[in-house]
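Novice: Handing you a structure now.
Readers should treat all values here as calculations from the given coordinates under stated rules, not as data from a laboratory. Since this is a predicted model, take the numbers as computed values, not measurements. Because the Cβ atoms are built from the backbone with ideal geometry, glycine has one as well, and the counts that use them run over all protein chains shown.
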Amino acid sequence: MRFFRYLPLFRENNIDVTVICGTPKLKKFTAEDHQTNWVNMLDGELVSELEIESAKILKYKVPGAGAKKRIKILLDKAIMLCNNELTRPDVVHIIAPMPFEVIKQLRRLKKLGVKLVYSQTIAREYSNRYLVKKLQQLKVKKVNECYDSIIVQSEELEKIVIETNAKADVHIIPNGVDTDKFCPIKDERDKENLRKKLGLPVDAKLITLVGAVHPRKGTDLLVEAWSILLRKYQDVHLMLIGPRYDQSRKELQQFKDAMKQIIESSGSEANVHFLGQVNNVNEYLQISDLFVFPSKREGMPNAVLEAMSTGVAVILTPFIGLSKEMGKEGSEYLLSQRSSDAIANNILSVLESKELQNNLAKHARNWIVNNMGVASSVRSHTDLYKQMLV
């Protein structure tokens with residue numbers, strides 16, 4: 001979705017875009033997906049051809065499981081596009097991590113005369129076993145060497161890429177945020193009206209997390225911290241925005257049960273709102289008192305940047321990928337130890353100090369406006385594409 005926000009500005013910069021994408025993974029199917037016609041299509045069939053923001057969107061049927069099979073089909077479609085002189089692009093920009101097994105397809109793309117760019121949007125996770133880790137890094141190195149350029153969002157991700165000794169050029173381009181859409185609400189009256197519209201209590205303290213309900217995101221830690229806060233404030237509500245992976249994955253059953261037990265034993269079940277995926281994240285952020293993000297591993301999480309842009313006080317826990325591009329600890333955000341007690345204590349410190357809350361919100365908004373606007377990110381992408389074609 002972040003890249004889709006770039007499409008209108010790409011067009012303004014005379015860049016034509018064709019997007020190749022696939023049907024969702026089985027574990028991400030919605031009830032509507034199960035009832036669609038494409039479910040029974042053969043793998044590789046064209047599901048739809050749309051135009052969004054002047055970009056052509058080609059969506060293909062891919063297997064519901066098996067990342068390698070899914071990616072191979074989409075790369076074959078890219079190769080088909082590049083084989084045709086009428087549709088051959090100048091640049092193929094890959095935004096999904098490529099497994100070692102698709103190297104031959106990546107090399108075929110390069111032989112067709114197109115430039116390959118890859119955006120690494122999250123810190124890779126390697127095994128703790130030395131030999132296994134070295135083998136994993138070697139495979140990543142071989143894949144990275146297929147790219148002409150690699151885009152990362154921060155210096156921390158740049159270090160991770162450089163560790164593979166890849167030959168490709170590495171460029172830091174921070175994520176772009178739509179600062180007009182993700183902006184502070186005008187005043188308290190508007191905030192009250194918006195809370196009423198969204199069916200949330202006007203006078204409650206609202207804490208928000210945007211991200212999949214998953215252990216890596218720390219959803220369980222935040223739920224536990226919320227239960228600790230109830231000892232002092234009964235009007236604390238928790239808004240969890242994002243897909244419920246714990247509902248569909250068997251391996252997350254223990255994680256799901258632990259959260260359920262905490263919520264049920266709190267006596268305030270109605271204060272936890274699992275909102276799922278919503279189209280108006282900006283409105284939920286505008287009515288929030290605090291945004292808490294206890295993730296373990298990220299690239300540059302757009303959810304955090306959008307909260308900062310909306311002028312919400314932010315609490316983070318140290319995660320792999322946290323970088324100076326997101327501002328300074330104590331100025332644009334608070335940094336908490338990654339435990340439920342520490343998170344609860346930091347939340348209390350913000351809720352009990354309007355001055356601290358307002359300062360964090362103000363500095364966060366200014367930082368995003370000055371450093372993370374979507375137009376700036378698009379300019380950097382556009383400049384890179386043009387440099388590669390010289």
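Novice: Can you give me the P(r) profile for region 15-59? Cα pairs, bins 10 angstrom wide beginning at 0, each as a whole percent.
Specialist: Spelled out per bin, shortest first, that is 24, 47, 26, 3.
Novice: How large is the direction-averaged shadow of the alpha-carbon convex hull of region 44-100, in nm²?
Specialist: One quarter of the hull surface, i.e. the mean projection, equals 4.8 nm².
Novice: Rank by packing, highest mean first: peptides 329-335, 300-306, with packing defined as the count of other Cβ atoms within 10 Å averaged across residues.
Specialist: Packing order, densest peptide first, comes out as 300-306, 329-335.
Novice: State the percent of C-alpha pairs, over all pairs in region 72-169, separated by a distance greater than 17 angstrom.
Specialist: Everything past 17 Å amounts to 52 percent.
Novice: For a test of the definition: using alpha carbon positions, the gyration tensor, and the 1.5 limit on a/c, classify region 188-371 as rounded, prolate or oblate.
Specialist: Rounded, since a/c falls under 1.5.
Novice: Between region 145-184 and region 339-390, what is the C-alpha centre distance in whole Å?
Specialist: 16
Novice: Another question, then. From the backbone phi of region 52-67, what are the Karplus-calculated ³J(HN,Hα) couplings (6.51 cos²θ - 1.76 cosθ + 1.60, θ = phi - 60°) in whole Hz, Gly and Pro given as x?
Specialist: Couplings: 10, 6, 6, 9, 7, 10, 9, 10, 10, 6, 10, x, x, 9, x, 4 Hz.
Novice: Hey, another quick one. For Cα pairs less than 8 Å apart in space and 6+ apart in sequence, what is the mean separation divided by the residue count of region 223-297, i.e. the relative contact order in percent?
Specialist: 37
Novice: Beyond 33 Å, what percent of the Cα pairs of the chain remain?
Specialist: Tail of P(r) above 33 Å: 37 percent of Cα pairs.
Novice: Going by Cα centres, region 13-57 and region 295-335 are how many Å apart?
Specialist: 31
Novice: Can you classify region 271-379 as rounded, prolate or oblate using the Cα gyration tensor, where a ≥ b ≥ c are the square roots of its eigenvalues, rounded means a/c under 1.5, and otherwise it's prolate if a/b beats b/c and oblate if not?
Specialist: Cα axes put region 271-379 in the rounded bin.
Novice: Using Cα positions and a limit of under 29 Å, work out the lysines in reach of K250, with same-chain residues fewer than 8 apart set aside.
Specialist: K25, K27, K28, K59, K61, K68, K69, K72, K133, K217, K260, K296
Novice: Percent antiparallel among DSSP beta bridges with both residues in the chain, to the nearest 5?
Specialist: 15
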